[in-house]
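Structure first, then comments.
The values are calculated or read from the model by the stated rules, or taken from the named source; none is laboratory data. All figures in this text were calculated on a predicted structure; none of them were measured in a lab. For neighbour counting, all protein chains shown are included, and Cβ atoms are generated from backbone atoms with ideal geometry for every residue, glycine included.
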Amino acid sequence: MSYVDGFIVPVPTKNLEAYRRLSRKAGKIWREFGALEYIECVADDVKPGKWTSFPQAVKLKKGETVVFSWIVYKSRKQRDKINAKVMADPRLESMMNPKAIPFDGKRMIMGGFKTFVDV
């Protein structure tokens, strides 16, 4: 079964195009190193909930949009190898600088997931 890294991040709406450029660059590099899929989605029908929601999870502020993303790999072992290569790639150096990225990385939620159902 495949392995998936998932991300949720609040992006200032005015920075969405800069985020898209960064994502396209990052996605190409992840795919180059072997990721099967690299998907970034911008919130379209995401409302605050009574107890929890995407906006509440990232402490969404006025003028921000939730971005939901995932990267698919063959396995966790492959994911670990690919991510090590990606993190060492000089083309993404600016992505590692918290002051240069177009979002608040402190409010990013991320994690790795084993595939449970694949229909």
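The set of residues from the range 40-75 being in contact with a Leu (Cβ under 7 Å, 6 or more places away or on another chain) and among the β-branched types (V, I, T) comprises V42, T65, V66, V72.
Against the definition (touching a Lys or Arg at 6+ places or on another chain (Cβ under 7 Å) and closer than 16 Å to R107 by Cβ), how does V66 come out, yes or no?
Values: touching a Lys or Arg at 6+ places or on another chain (Cβ under 7 Å): no; closer than 16 Å to R107 by Cβ: yes.
In short, no.
Does at least one position in the range 50-60 carry a residue that is touching a helix residue (DSSP H, G or I) at 6+ places or on another chain (Cβ under 9 Å), over 24 Å from D118 (Cα atoms), at pLDDT below 95 and surrounded by fewer than 11 Cβ atoms within 10 Å (Cβ to Cβ)? Scanning the range 50-60 turns up no residue that is touching a helix residue (DSSP H, G or I) at 6+ places or on another chain (Cβ under 9 Å), over 24 Å from D118 (Cα atoms), at pLDDT below 95 and surrounded by fewer than 11 Cβ atoms within 10 Å (Cβ to Cβ).
Of K61, K81, K28, K77, all but one fail to be outside any loop (DSSP other than H, G, I, E, B) and in contact (Cβ under 8 Å) with a residue 24 or more places away in the chain; the exception is K81. Would you check if there is a residue in the range 77-95 being touching a strand residue (DSSP E or B) at 6+ places or on another chain (Cβ under 8 Å), among the β-branched types (V, I, T) and closer than 28 Å to V119 by Cα? Yes, the range 77-95 contains at least one residue that is touching a strand residue (DSSP E or B) at 6+ places or on another chain (Cβ under 8 Å), among the β-branched types (V, I, T) and closer than 28 Å to V119 by Cα. Number of residues in the range 29-49 that are in contact with a strand residue (DSSP E or B) (Cβ under 8 Å, 6 or more places away or on another chain) and modelled with pLDDT of 95 or more: the value is 12.
Can you tell me which residue among S69, S23, S94 is assigned to a helix (DSSP H, G or I) and surrounded by 14 or more Cβ atoms within 10 Å (Cβ to Cβ)? Please lay out each step first, then the result.
Numbers: S69 fails: assigned to a helix (DSSP H, G or I); S94 fails: surrounded by 14 or more Cβ atoms within 10 Å (Cβ to Cβ).
When all the criteria are applied, what remains is S23.
Applying the set (1) under 14 Å from S69 (Cβ atoms); (2) crowded, with 17+ Cβ neighbours inside 10 Å to Y3 leaves exactly one unmet item: (1).
For E64, the stated conditions hold: it is modelled with pLDDT of 95 or more, touching a strand residue (DSSP E or B) at 6+ places or on another chain (Cβ under 9 Å), among the acidic types (D, E) and farther than 15 Å from V4 by Cα.
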